[in-house]
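The values are calculated or read from the model by the stated rules, or taken from the named source; none is laboratory data. What you see is a predicted model; the values in this text were computed from it and never measured. Positions of Cβ are backbone-derived with ideal geometry, glycine not excepted, and every protein chain shown enters the neighbour counts.
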Amino acid sequence: MSVILDPSRLTIHKAHELLKTGQLSSVELTRACLERIQQVEPKVSALVTITDRLALSQAEQADRLIASGDSSPLTGIPVIIKDNMCTRGVRTTCSSRMIEDFVPPYDATVVEKLNGARAVIVGKANMDEFAMGSSTENSALFPTHNPWDLERVPGGSSGGSAVGVAAGEAIYALGSDTGGSIRQPAGFCSVTGMKPTYGRVSRYGLVAFASSLDQIGPLTRDVTDCALVLNTIAGYDPRDSTSVPCPVPDYTRCLSSGLGGVRIGVPKEYFVEGMQSEVAAAIRAAVSKLEELGARADWGVSLPHTSYALASYYVIAPSEASANLARYDGVKYGFSYSDTDNMWEALEKTRQYGFGPEVKRRIMLGTYALSAGYYDAWYLKAQKVRTLIRREFDQAFEKFDVLVTPTSPTVPFRIGDKAEDPLQMYLSDVCTLPINIAGLPAISIPAGFAGGLPIGMQIIGKPFSEETILKIAYAFEQATDWHKQKPNI
Amino acid sequence: MRLGREEVLRIAILARMGLSEAEVDRFKDQLSHILESFEILQQVDTTGVPPTTHPITLVNVLRSDEVIDSLPQNMVLMNAPRKDGDFFKVRAVLGET
């Protein structure tokens with residue numbers, strides 16, 4: 001090996017260069033990541049499963065492909081997959097006791113696409129159980145720790161994915177985002193995380209949480225890597241009838257540094273009461289930086305229905321979850337209570353012992369909102385408010401190319417701080433969940449620190465405007481060095 | 001919106017969720033607290049506003065009627081907690097309440 005290999009500083013595009021020019025082999029890179037995993041995993045606990053043997057055999061195959069001159073940008077590069085995406089032959093737990101031993105007989109479409117690119121899967125990432133949470137504390141297996149401060153949460157629900165990237169266990173990761181579950185942990189761990197437009201990436205093989213909100217996306221070390229991963233995972237899939245058949249551009253082609261003519265709106269409702277002042281200050285400074293780069297910012301945009309988004313989301317998402325999670329009945333797969341001959345008792349006890357507290361809470365909440373006599377007042381009402389929120393975004397995008405907000409109202413909080421108060425925990429998604437309600441694309445990129453803890457900036461675009469978002473994020477990244485700072489771990 | 005124990009138990013039956021006594025009490029308080037804070041939804045005037053079920057306009061998605069491969073039966077059954085030959089094994093359904 002002719003280069004000094006620190007897998008925690010390598011990007012996909014840099015690693016690809018090294019692989020293509022023979023300065024590095026995929027097996028060497030994969031070994032370096034696996035060593036890094038051994039070194040940091042006792043501190044951060046980001047991974048549910050380490051797939052070392054699979055990774056090394058995939059790396060050997062990748063090296064053969066690279067030697068034949070037929071590699072693509074993700075070939076031979078180690079990735080971590082959130083443990084709610086099916087991997088054939090590798091257990092997929094959703095960090096739940098309910099399916100702790102579930103081994104999928106098929107691959108999710110995104111996994112198939114990564115395998116097609118000859119990526120190297122080094123592990124499956126810890127998460128809040130069934131992706132329900134904002135701190136990864138709801139994992140039924142173990143909590144994950146933030147590498148910037150091990151006593152703090154990494155965010156969630158894709159906490160393991162974000163930590164894996166931040167701590168150097170792999171070069172990038174896949175997460176899923178239902179109300180902020182890619183962007184909020186990306187912000188908390190100072191990595192780049194994108195939730196694409198609803199329908200941009202196939203959800204086939206993603207264990208369903210809330211089907212009208214869920215979307216898969218990349219967590220990476222920079223914006224170029226984000227574009228590269230999106231190039232591979234985006235696109236129509238006949239197996240997901242909500243994936244949209246519009247062409248996938250080369251997302252790296254929009255990456256240029258000038259922002260002349262770009263119109264940015266800064267919605268005042270996202271600088272909420274209770275927001276940490278350092279976070280608001282960092283985002284204001286970041287918007288000023290975008291202005292310096294040529295963008296025009298309007299600081300007085302108002303999206304008045306924002307204050308209803310949290311309630312609308314936490315009616316709709318649990319309602320959809322209560323329907324989706326009805327499948328866990330102890331018959332087809334997963335945990336099954338066996339100490340009875342009574343069908344109903346078996347069903348109820350399977351769910352009582354298989355699900356953790358937050359999952360039960362949301363199933364109960366959703367069941368209530370959908371039940372006879374309450375449907376109109378809760379579920380239907382929330383869906384009508386959803387329409388108003390979407391319309392408000394549509395109107396804003398008549399005037400602006402993107403909206404810029406903080407990703408979260410605070411820096412990462414301490415493990416245990418919000419665990420006993422579900423409503424407080426829900427508030428940490430307040431800046432991200434309106435975007436899922438409207439089905440829009442958004443990215444979180446590193447935009448500063450307060451007391452050594454990361455702050456993320458969220459850039460939101462109109463449907464299928466990922467290129468505009470990536471272009472603005474890239475220009476900001478080129479003009480700043482927040483993304484180059486790494487945790488000491 | 002205060003939920004009582006009976007309301008929580010009614011929801012638990014609908015959800016087929018077994019709950020311990022302690023969970024019933026905890027959910028009674030937590031769900032009440034959450035729902036109370038969500039009552040702000042009722043302040044929004046939604047007269048004439050249609051509901052959004054999906055962020056994209058969905059139309060019927062059809063495919064041509066061609067036979068495609070599906071998973072072999074043994075793989076479909078490989079995670080089954082109880083099976084009998086080529087079948088999922090379930091407890092008696094008839095005669096139960």
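Structure above, values below:
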{"read-out": "Where B:Q43 falls short, out of the listed (1) closer than 20 Å to A:P422 by Cβ; (2) polar (S, T, N, Q); (3) more than 7 Å from chain A (Cβ to nearest Cβ)", "value": "(1)"}
{"read-out": "Scope region B:77-97; condition among the aliphatic types (A, V, I, L, M) and more than 7 Å from chain A (Cβ to nearest Cβ); matching residues", "value": "B:L77, B:L94"}
{"read-out": "Failed item in (1) buried (at least 22 other Cβ atoms within 10 Å of the Cβ); (2) more than 7 Å from chain B (Cβ to nearest Cβ), with A:Y337 passing the rest", "value": "(1)"}
{"read-out": "Region A:475-488, subset over 19 Å from the mean Cα position of the chain (by Cα) and crowded, with 18+ Cβ neighbours inside 10 Å, residue farthest from A:Q215 (Cα to Cα)", "value": "A:P487"}
{"read-out": "Qualifying residue in region A:117-133 (condition: surrounded by fewer than 24 Cβ atoms within 10 Å (Cβ to Cβ) and among the aromatic types (F, W, Y))", "value": "no"}
{"read-out": "Filtered residue count, region A:340-355, keeping only those that are more than 7 Å from chain B (Cβ to nearest Cβ), surrounded by fewer than 20 Cβ atoms within 10 Å (Cβ to Cβ) and not in a helix (DSSP H, G or I)", "value": "1"}
{"read-out": "Any hit, region B:48-68, residues being touching a residue at least 24 places away in the same chain (Cβ under 8 Å), in contact with a Lys or Arg (Cβ under 6 Å, 6 or more places away or on another chain) and either under 25 Å from A:A321 (Cβ atoms) or surrounded by 11 or more Cβ atoms within 10 Å (Cβ to Cβ) (or both)", "value": "no"}
{"read-out": "Residue under evaluation A:P245, criteria (1) touching a Ser or Thr at 6+ places or on another chain (Cβ under 8 Å); (2) modelled with pLDDT under 95, criterion not met", "value": "(1)"}
{"read-out": "Single condition A:S444 does not satisfy, out of (1) in contact (Cβ under 8 Å) with a residue 40 or more places away in the chain; (2) facing another protein chain (nearest Cβ under 9 Å)", "value": "(2)"}
{"read-out": "Region A:213-227, subset of a type in the set (A, V, I, L, M) and under 12 Å from A:A173 (Cα atoms), residue farthest from the other protein chains (Cβ to nearest Cβ)", "value": "A:L219"}
{"read-out": "Search result, residues across region A:123-145 that are in contact with a helix residue (DSSP H, G or I) (Cβ under 6 Å, 6 or more places away or on another chain) and closer than 19 Å to A:P487 by Cβ", "value": "A:A125, A:N126, A:T136, A:T144, A:H145"}
{"read-out": "Filter pass, A:T87 being free of Cβ contacts under 8 Å to residues at least 60 places away in the same chain, crowded, with 21+ Cβ neighbours inside 10 Å and polar (S, T, N, Q)", "value": "yes"}
{"read-out": "Subset of region A:70-95 (residues that are part of a loop (DSSP other than H, G, I, E, B) and within 14 Å of another protein chain (Cβ to nearest Cβ))", "value": "A:C86, A:R88, A:G89, A:R91, A:T92, A:T93, A:C94"}
{"read-out": "Close pairs from region A:359-382: first more than 8 Å from chain B (Cβ to nearest Cβ) and without any contact (Cβ under 8 Å) to a residue 12 or more places away in the chain, partner assigned to a loop (DSSP other than H, G, I, E, B) and buried (at least 24 other Cβ atoms within 10 Å of the Cβ), Cβ under 8 Å, at least 6 apart", "value": "none"}
{"read-out": "Of residues in region A:212-242 being assigned to a helix (DSSP H, G or I) and not aliphatic (A, V, I, L, M), the one nearest to the chain's Cα centre (by Cα)", "value": "A:C226"}
{"read-out": "Those residues of region A:243-259 which are in a helix (DSSP H, G or I) and not hydrophobic (A, V, I, L, M, F, W, C), in sequence order", "value": "A:Y251, A:T252, A:R253"}
{"read-out": "Candidate set from region B:1-37 (those that are surrounded by 14 or more Cβ atoms within 10 Å (Cβ to Cβ), under 28 Å from A:L388 (Cα atoms) and in contact (Cβ under 8 Å) with a residue 24 or more places away in the chain); member that is nearest to the other protein chains (Cβ to nearest Cβ)", "value": "B:L31"}
